[in-house]
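J.: Below: one structure in structure tokens.
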Amino acid sequence: MDGSSREARFAVLSRRVLVLTAYALAAVAVVAFVTDRNTLGIAIVVLIGVLAFARAMWTVVRGLREIKRTKTELPTALVVATPDEPALVDVVVPALLALNSDDLPYRIDAAPTPGGVHVDVRWKSEELRWQTLFVRGRVAYSWRMEVRLDPTSARYAFTEWSATAKTRAAAGSGGIALDGRWTWKKGKTAYQRSMSFREGADGQVTVAGDTGPRTSWVGVTYIRPGEAKEPVFSVLRNHGWRPKHDWFGARLFEK
């Protein structure tokens, strides 16, 4: 039996044990509260919470191990130009596009505009679907960044858009309930992470990401915009380009 099969069996068994144990402890807690043994009741409720939290953390750790992502390797010669003599936009744009790779979770495109160059950094799709006996669900994340380059001043400005879509279909006494929509946010982020974890029976959790679809008993969607922002802004700064207001706080939003 391989490690994946053992973990899948442990996942199923531990879920069942946790549910049965929680029901049993909850019954004991109810009796404790009814008989005015409040301290015991509270202790049992806390114990149930600790067990559930520990089981959830195991799922998170297992899910994070599923992420196999290539990171951008920046050129060895980092500093190409200084702010006193910044590189031309015709040098900067090819350097940004050279970051592209099929193995990376994001894509960089550039197009000329009347005032300079528009650089679009877009995260590739990241979606998680799961299915249980009564519930089907979907979670998807999207992110993109628009960087505007001004060749006359060697300045750049950027804006981000982050989006989440959640869909859940559940069968109940009132029929099938379905809800889901995209929620978009515009603005700059710092050290942002968007992630979701699900587990179920083997083959009932599917993740569609930059490395293709993955089907298993556990799935995770994970987006960290900093993985795209850091190489983009490193290239710009190493070519002598700066934002209009360059200070410590502004640099936080480049991560």
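The values are calculated or read from the model by the stated rules, or taken from the named source; none is laboratory data. Everything numeric here is computed off the predicted structure, so don't read it as measured data. Cβ placement follows ideal geometry from the backbone for every residue including glycine, while neighbour counts extend to all protein chains displayed. The protein model used for the area step is the full one, side chains on, heavy atoms only, and it has no ligands, DNA or RNA in it. Shrake-Rupley method; radii C 1.70, N 1.55, O 1.52, S 1.80 Å.
J.: Any idea how far apart residue 88 and residue 101 come out in nm if each label point goes 7 Å out from Cα toward Cβ?
T.: Simple spin-label model gives 2.9 nm for this pair.
J.: Long-range amide H contacts for residue 124: which residues qualify at under 5 Å (H placed 1.01 Å from N, peptide plane, sequence gap of 5 or more or a different chain)?
T.: So residue 124 has HN proximity to 106, 107.
J.: Now for a separate question. Which order do you get for 221, 189 if you rank them by accessible area with a 1.4 Å probe, largest at the top?
T.: Numbers: 221 0, 189 20 Å².
Ranked list, largest accessible area first: 189, 221.
J.: Shifting gears a bit: Say R0 is 51 Å: what FRET efficiency, to the nearest 0.05, do residue 15 and residue 245 get from their beta-carbon distance? Each step should come with its number before you reach the end.
T.: Numbers: r = 51 Å, r/R0 = 1.01.
Calculated value: 0.50.
J.: Hey, another quick one. Can you flag which of 185/244; 186/229; 166/255; 166/188; 124/186 are past 20 Å Cα-Cα? Mind showing how you got there, number by number?
T.: Values: 185/244 23 Å; 186/229 16 Å; 166/255 26 Å; 166/188 22 Å; 124/186 18 Å.
Beyond 20 Å: 185/244; 166/255; 166/188.
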